[in-house]
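The values are calculated or read from the model by the stated rules, or taken from the named source; none is laboratory data. Predicted model only: the values in this text are computed from it and were never measured. No Cβ is skipped: glycine too gets one built from the backbone with ideal geometry, and neighbour counts run over all protein chains shown. Accessible surface is based on the protein model in full, side chains and every heavy atom, while ligands, DNA and RNA are left aside. Shrake-Rupley method; radii C 1.70, N 1.55, O 1.52, S 1.80 Å.
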Amino acid sequence: MAIETAPDALNPVVAIALVGVLGVGSQWVAWRLRMPAIVLMLLAGVLIGPVLGVFDPARDIGPLMGPMISIAVAIILFEGGLTLNFHQLQDRALGVRRLVFVGAPLGWLTSALALRYGAGLSWESAAVFGGIMIVTGPTVIAPLLRTARLSRRPASLLQWEAIVNDPIGALAAVLAFEVVLVLNTATTIGAAVMDLLIGVTVATVLGVVAGFGLARAFKRGWVPEYMKVPVLFALLLACFSVADEVLHESGLLAVTIMGIVIANANLPSYEELRRFKEHATVLLVSGVFILLASALDFAALGQLTWRAAAFVLLVVLVARPFTVFMSLLGSGVPWREQVLVAFTGPRGVVLVAVAGLFGDRLLGLGFEDAALIAPLAFVLVAFTVVLHGFSLAPFARFLGLTGADRPGVIIIGGSAWTTALAEGLRKAEIPVLMTDPNYGHLRAARSAGIETFSGDILSEAAEQRLELVSYATLIAATDNDAYNTLVTTDLAPEFGRENVFQIGREKSDNARHQLPRTLGGRPLGLSATHGEMNALLREGWTFRLTRLSEEFDMQDWRAKRPDARLVARISPSGEIKFIRKDEDVRPAPDVRVLAFRPPGEEDAPGARQPPVS
């Protein structure tokens, strides 16, 4: 008779490394495949955990798992608070404010009712889990919006609802848990109320004091630049642990409030702090999700009955639509946009991470039905991500709410040659937005019917008025090399460094005027500076589109036009790829190329010109 032996435990260092590799690797593969990362992280965690038994967090990490998840969730919630800028919220449309101030509490109530009467959870578990379900997944919404290409207003409603409700959902769950905790551990009602008041007050005061203290120290220069991030995280952990000692789990409330205070303190170094914590959050979100997925117990999933399906359907078809329609009642948002927002509510990693944490805490208090919280969270996340990932774009097209079908291009700098480039892109049916701080520089572009924005692309006005999600490529082409370098360096994390370009820099013999090559965007294949481009344009150079074919391929094109400067390659599907100097272009039939060509060059027989739009 064969005796089954348990798999050998992994070394804790190897186990933690495995979690990091799988988490980040899943996100990278998802980016390459253009699919939601959470699906791959779920598959990876379940595969190495309950399926293959390679990794068991309880076995391989042991008592460190609980504190690791607690600290990771605290940092994730702090990051959520750090995104809540009240000034930006005031400048948003009425619909966004309604979804936050009316939709959040109403969503909490309807979600709790769905959990109570759909999933059959107790009121305590339903209240805590219902608070978490306010979060609609900001880490999931952003890639969905980029893929779906929604028109501006519904995209803004979904995006800002997800960002703002992220910390609010966590706060709701924390407060609900505090109430449940105090009511079940205190000896009398009076003691319960007093413990709750003390815990919430201490957590709030700690969060406010830590946030204001840190902001004051940074503004007065009491902390050197290289120590700002370490000091931030050290204070974050101290705030979390001290509040947690006063009342269990109140540390999550404290760090969320701390993040909100810092977000509204107008710190000059805020962008650097925000980007670093975003990088840390990607690692932590990946790690927490892999940990929770690998710890998933199939036996717990086996406990789910038809009630789980009823719960998911109630959330998707009743709770979410009812919340949105009631929130936007009388807001002036068109009914088509209300319908789209009402039936789009994907949940993400934060929901699973926080649900898993509070599920364990409720189990420790004796609520046996809390064992269903983590499986229900996984089921809800998996269903909504798959549903909206495949249905959002066609549903938006059905309602007539899609923006540009193709990723657009932002050109920074209004001039004669950038206007000519924009017109060439428009002939290829590529959406173009031209911006310049000088209103007069955009006169020619406006006359040509090109969409323009008069203002600094890095200003708050641009952030509030422009939907950058509709654009995939940025070209900095002003006559100021330093400004081009600043714009491309600052916006590279937003667009991806591979999609940020700038016109050639003016060469200087003086080393003091040379800009570092490590800063700025990728060079365009035009091999010219701003002044040289305008000079060539005056000589008669033009931007021309040519459609390649089997009779006239890329080799023929280069042979016929030895002096032409290749700008971009446009695939048959309309996807544009800007070409760097000396970069090879993949040959393919029906590919179009955009080039800057000298006067006198005509298209050879067999080369077809696309119709001018």
- [ ] Specify the residue that is least open to solvent (accessible area, probe 1.4 Å); the eligible residues are those in the stretch 280-334 that are part of a helix (DSSP H, G or I) and of a type in the set (D, E, K, R).
- [x] R320
Open item on the list: Checking the conditions here, which among G348, G400, G414 is surrounded by 24 or more Cβ atoms within 10 Å (Cβ to Cβ) and farther than 19 Å from V316 by Cβ?
Closed with: G414
- [ ] Tell me, please, whether a residue that is touching a Leu at 6+ places or on another chain (Cβ under 9 Å), closer than 22 Å to N534 by Cα and either charged (D, E, K, R) or part of a loop (DSSP other than H, G, I, E, B) (or both) can be found in the stretch 441-458.
- [x] yes
TODO: Could you list all residues from the stretch 377-417 that are over 24 Å from the mean Cα position of the chain (by Cα) and assigned to a helix (DSSP H, G or I)?
DONE: F398, L399, A416, W417
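What residue, of V39, V46, is in contact (Cβ under 8 Å) with a residue 60 or more places away in the chain, open to solvent by 10 Å² or more (accessible area, probe 1.4 Å) and within 16 Å of the chain's Cα centre (by Cα)? Steps first, please.
Details: V46 fails: within 16 Å of the chain's Cα centre (by Cα).
Criteria check complete, one pass: V39.
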- [ ] Within the stretch 425-451, count every residue that is without any contact (Cβ under 8 Å) to a residue 40 or more places away in the chain and buried (at least 20 other Cβ atoms within 10 Å of the Cβ).
- [x] 8
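Among the residues of the stretch 31-57, write down those that are small (G, A, S), at pLDDT 80 or above and assigned to a helix (DSSP H, G or I). Please lay out each step first, then the result.
Filtering the stretch 31-57 down to residues small (G, A, S) leaves 37, 44-45, 49, 53.
Now drop any that are not at pLDDT 80 or above, which leaves 44-45, 49, 53.
A44, G45, G49 - these are the residues of the stretch 31-57 that are small (G, A, S), at pLDDT 80 or above and assigned to a helix (DSSP H, G or I).
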TODO: Would you please name the residue that is nearest to the chain's Cα centre (by Cα), looking only at residues in the stretch 214-232 that are in a helix (DSSP H, G or I) and surrounded by fewer than 15 Cβ atoms within 10 Å (Cβ to Cβ)?
DONE: P230
Task: Matching residues in the stretch 464-504 - criterion: being open to solvent by 20 Å² or more (accessible area, probe 1.4 Å), under 18 Å from L526 (Cβ atoms) and part of a loop (DSSP other than H, G, I, E, B) - done: D479, N480
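Looking only at the stretch 358-375, how many residues end up being touching a Phe, Trp or Tyr at 6+ places or on another chain (Cβ under 7 Å) and either at pLDDT 85 or above or at positive phi (or both)?
Here is the first cut: in the stretch 358-375, the ones touching a Phe, Trp or Tyr at 6+ places or on another chain (Cβ under 7 Å) are 358, 361, 373.
With the extra rule that they be either at pLDDT 85 or above or at positive phi (or both), the set shrinks to 373.
Selection size over the stretch 358-375: 1.
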Open item on the list: For the condition of a type in the set (V, I, T), at pLDDT 85 or above and more than 21 Å from E79 (Cβ to Cβ), what is the one hit in V246, V318, V242?
Closed with: V318
Task: the stretch 233-256, residues that are open to solvent by 10 Å² or more (accessible area, probe 1.4 Å) and not in a helix (DSSP H, G or I) - done: L247, H248
- [ ] Look through L340, L304, L314, L357 and report the one residue that is over 23 Å from V180 (Cβ atoms) and touching a residue at least 40 places away in the same chain (Cβ under 8 Å).
- [x] L340
